[in-house]
Amino acid sequence: MPELPEVETVRRGLAPTMEGALLVRAELRRPDLRFPFPDNFSASVAGRRIVSLSRRAKYLMIDLEGGDVIIAHLGMSGSFRVEAGTDADTPGRFHHPRGKDEKHDHVIFHLSGQSGPARVIYNDPRRFGFMDLARRDGIADHVFFRDLGQEPTGNALDAAYLAQRFAGKAQPLKATLLDQKIIAGLGNIYVCEALWRSGLSPSRPAGSLVDKRGRARQGLVTLTEAIREVIAEAIAAGGSSLKDHIQTDGSLGYFQHSFSVYDRECEACRKPDCGGTVARIVHAGRSTFYCPRCQK
């Protein structure tokens, strides 16, 4: 599943085409994706101007004039493609390739903007993505958002906040970090990377990073900084080269070229003088990559 940095780069890639454009019509080529589309979805959004694009956790939000918001989730294999004139671009940078087979083009937003007509096409071979329509003034109470934790990109995510949420938890650190009620949008790849940077084992109890007075131990301070850094670096890597995701050899480029442990099982640990080897274990059905020697 695309993680927060990938979704953020999609948002940045779509914004120049979509923000300020008139959504002439929404063409639905099937009645559902992961879930059915809302009743009268096409009619409700047609003829509305797009005010802005934003992101919350792994959700894209397309704000329309009048106070409605299109909520979009990419699921496992979803992507957006922008077609304007003879140009086509798939914004975003993904660890796994995105599909471009037109038979999986399920939603087409027909736009009219300052640069002329354009189409924004949602392609999803596995159809695990979905779209919904909500009111902006009630978004905080929406079922998708009401229980989400802090974003890993803002100042609100600090060691004091995590100490409050981790206190007394015997649950493994890896599983705790993946809890979207604690940190919104943090996924498997960047949890592995942040734990490696902070030298913490994914299997240690989350509560071990909090002292008896409920204060963050140094390991939790280091982990908080690592989470924010790895997310910021991944967003910057994607955001700086949105249209260059296909390399000259045909492979995808992105932050995976900087992965230190994720998907590097049996490779040497990249920490200087460590001498360890990256291992793979499974937590709750998810692959976890770490260095048993330097992560304690």
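Values in this text are rule-based calculations from the coordinates and carry no lab data. Predicted model, so just to flag it, every value in this text is computed and none were measured. Glycine gets a Cβ as well: all are built from the backbone with ideal geometry, and neighbour counts include every protein chain shown.
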message: Given Cα positions, please report Rg to Rh for segment 4-141, the hydrodynamic radius being the Kirkwood one.
response: 0.92
field: Out-of-range pairs (alpha-carbon distance over 32 Å; input 174/271; 58/212; 169/271)
entry: 58/212
Principal-axis tilt of helix 218-239 within the chain, Cα atoms, nearest 10 degrees: 30
- request: Treating only the Cβ atoms of Lys and Arg (+1) and Asp and Glu (-1) as charged, compute the dipole magnitude of the chain about its Cα centre; round to the nearest 20 debye.
  value: 1000
message: Under 5 Å between amide hydrogens, which residues at least 5 positions from residue 24 or on another chain qualify, with H placed 1.01 Å from N in the peptide plane?
response: 47, 110, 111, 112
- prompt: With labels modelled as points extended 7 Å from the Cα through the Cβ direction, what inter-label distance (nm, one decimal) is found for residue 263 paired with residue 25?
  reply: 4.0
- request: Note the full-extension length gain between residue 213 and residue 281 as 0.36 nm times their separation in residues minus their Cα-Cα distance, in nm to one decimal.
  value: 21.2 nm
- request: Starting at the first residue of segment 50-57, write each ³J(HN,Hα) from the Karplus equation 6.51 cos²θ - 1.76 cosθ + 1.60 with θ = phi - 60°, in whole Hz, x for Gly and Pro.
  value: 7, 7, 6, 10, 9, 9, 9, 6
- request: Percent of Cα-Cα pairs per 10 Å bin, from 0 to the last occupied bin, for segment 112-179, please list those.
  value: 13, 27, 30, 21, 7, 2
Segment 98-196: relative contact order as a whole-number percent, Cα under 8 Å and 6+ apart: 19
- line: Long-range alpha-carbon pairs in segment 7-78, meaning those over 15 Å apart, account in percent for 56
task: Please name whichever of 153, 37, 221 sits farthest to the positive end of the charge dipole of the chain, dipole taken about the Cα centre and charges placed at Cβ: Lys and Arg +1, Asp and Glu -1.
output: 221
message: Can you report the principal axis dimensions of the chain using only the alpha carbons, biggest first, rounded to whole angstrom?
response: 57, 46, 30
field: segment 4-141 - percent relative contact order, Cα under 8 Å, separation 6 or more
entry: 32
statement: Amide H neighbours of residue 171 at under 5 Å, excluding residues fewer than 5 places away on the same chain, with H built from the backbone geometry, are 206, 207
message: Whole angstrom only: what separates the Cα centroid of segment 150-212 from the Cα centroid of segment 257-272?
response: 21
